[in-house]
Structure formats: C-alpha cells, structure tokens
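This report refers to the structure that appears directly beneath it.
The values are calculated or read from the model by the stated rules, or taken from the named source; none is laboratory data. What you see is a predicted model; the values in this text were computed from it and never measured. For neighbour counting, all protein chains shown are included, and Cβ atoms are generated from backbone atoms with ideal geometry for every residue, glycine included. Accessible surface areas use protein heavy atoms only, side chains included; no ligands, DNA or RNA. Shrake-Rupley method; radii C 1.70, N 1.55, O 1.52, S 1.80 Å.
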Amino acid sequence: GDSVTQMEGPVTLSEEAFLTINCTYTATGYPSLFWYVQYPGEGLQLLLKATKADDKGSNKGFEATYRKETTSFHLEKGSVQVSDSAVYFCALADQAGTALIFGKGTTLSVSS
Amino acid sequence: DTGVSQDPRHKITKRGQNVTFRCDPISEHNRLYWYRQTLGQGPEFLTYFQNEAQLEKSRLLSDRFSAERPKGSFSTLEIQRTEQGDSAMYLCASSVTGIHGYTFGSGTRLTVV
C-alpha cells in the first residue's frame, strides 16, 4: 500500500540555520504531496502542497519540490526562526483523494 | 468562515463509558474525514464521508466505533465501551476534493482512565 517515510527527529537547529527534512513516498499512480505543520496543542495546518511531478510548493519561506524520479518531497527553508519550532508531517493523497497517508512526523526545535 | 470546529477539546472518561465527539466542517466542503493521532505518530485515517454517505472505513475502526453525518453537514464519532487504548487525539478534517489537501480542526483529546 501507499506509504510515507520521513527522517527521524528531533532536529535541533540554531536560528538562521538551513533546514532540510527528508521525505520519500511509495505510491501507485500520481499522488498529491503535502507538508503539514503542527504547533504544540494545535491541529494540523497545511504548509504547502504539490499535485504533479516537478511542481514546487512554497509558503512562509518553506519549499518542497515533487521529484517523481526519486519519489521524494524534501522540505527546505533557508533561514529558520524560533517560531518555526513544531512537528512537520509529510503526507500523500491518492488520485481519488480518499485519505491522506502521513509520515510519523519530524520534530523541529530552533533555539536563539 | 471559522474553519473546522470540534467539540469538546478535551474529554476524560472512565473505561467502559461511551463518548461522542462532534465535528462541524467548513460549510462548502462536501468531504469530511476522521483521523486518530497517538503520541509521537502521524494521524491515521479512520473514516470518510462524501455528503451524508460514509464511503470508506479503515480497519482501525472497530465495531465499537461509529460515525454519522446525518444531513451532510456536521458529523459525530461515537466510541462505545471505551478502552485505555482509545486514548488519543481525534482529528476531523474537511475538503472539497481531497487531492488539494484538507483543513483540519484542532482535535478532541480523549483520555480513558
């Protein structure tokens, strides 16, 4: 079945450091790919998405490119802030959009 | 539009009791989803409605769980005879198509003691 694998955390960075969180997927067909963020005590918020190969999703300085050849959707940010501290989830939706399949999440902690 | 609302935010119940959660989706969204999230894990799909029809249920949804969306608007998730293993965050989400992502509510945290 479809699955998402993302790097284990926690990821600990200093403010203004470069961030990469790796995500790879297994799916049949052409899934849509997402990054969601969850701040402490809150629900999940959609951070960015890409619905076809080579699309780049971007939001709030975060970027991820849908790479079909490597089945990857790595999240990057050039300069993290303390306020970016949260749990980040990579997810995919099949072509029918029936259900999102999530990775286990990666905790990011940014210190000043 | 205030987004997806879930009620209650927190619920503590004794083992063996029944609990019911409510979700009010974004009004224009015809799809509604329930997920369960345990500590340190990503959300796991439970069930999905398109309008009032329940179209898919996960194997995680045992016969103690039932979900309804009677008029294609709000939805309820009931857990009968709760067990300690049911302790989790229950998340509701809604969307128009699904393939462009969902909007999640803040969740209901259930603690079974």
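When restricted to residues that are outside any strand (DSSP E or B), among the small types (Gly, Ala, Ser) and touching a strand residue (DSSP E or B) at 6+ places or on another chain (Cβ under 6 Å), region B:34-66 contains 2. Count of region A:44-69 residues, restricted to those that are modelled with pLDDT of 95 or more, among the hydroxyl-bearing types (Ser, Thr, Tyr) and open to solvent by 20 Å² or more (accessible area, probe 1.4 Å), is 2. Can you find, within region A:16-41, the residue that is farthest from B:Cys92 (Cα to Cα) among those that are in contact with a Ser or Thr (Cβ under 6 Å, 6 or more places away or on another chain) and open to solvent by 70 Å² or more (accessible area, probe 1.4 Å)? Selected residue: A:Glu16.
Condition check ((1) open to solvent by 10 Å² or more (accessible area, probe 1.4 Å); (2) aliphatic (A, V, I, L, M); (3) part of a loop (DSSP other than H, G, I, E, B); (4) within 13 Å of another protein chain (Cβ to nearest Cβ)) across all residues:
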position: B:Cys23; (1), (2), (3), (4): no, no, no, yes
position: B:Leu32; (1), (2), (3), (4): no, yes, no, yes
position: B:Glu78; (1), (2), (3), (4): yes, no, no, no
position: B:Cys92; (1), (2), (3), (4): no, no, no, yes
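Looking only at residues in region B:94-108 that are in a strand (DSSP E or B) and at the interface with chain A (Cβ under 9 Å from one of its Cβ atoms), which one is surrounded by the fewest Cβ atoms within 10 Å (Cβ to Cβ)? Looking at the filtered set, the residue picked out is B:Thr103.
Hey, among the residues in region B:34-50 that are closer than 12 Å to B:Thr76 by Cα and more than 10 Å from every other protein chain (Cβ to nearest Cβ), which one's nearest to the chain's Cα centre (by Cα)? Result: B:Trp34. I want to confirm something. Restricting to region B:58-69 and keeping residues that are at pLDDT below 90 and more than 12 Å from B:Trp34 (Cα to Cα), which single residue is surrounded by the most Cβ atoms within 10 Å (Cβ to Cβ)? Here the residue is B:Ser62.
Among the residues of region B:38-57, those that are open to solvent by 20 Å² or more (accessible area, probe 1.4 Å) and either under 30 Å from A:Thr107 (Cα atoms) or in contact with a Ser or Thr (Cβ under 8 Å, 6 or more places away or on another chain) (or both) comprise B:Thr38, B:Leu39, B:Gly40, B:Gln41, B:Glu44, B:Phe45, B:Gln54, B:Leu55, B:Glu56, B:Lys57.
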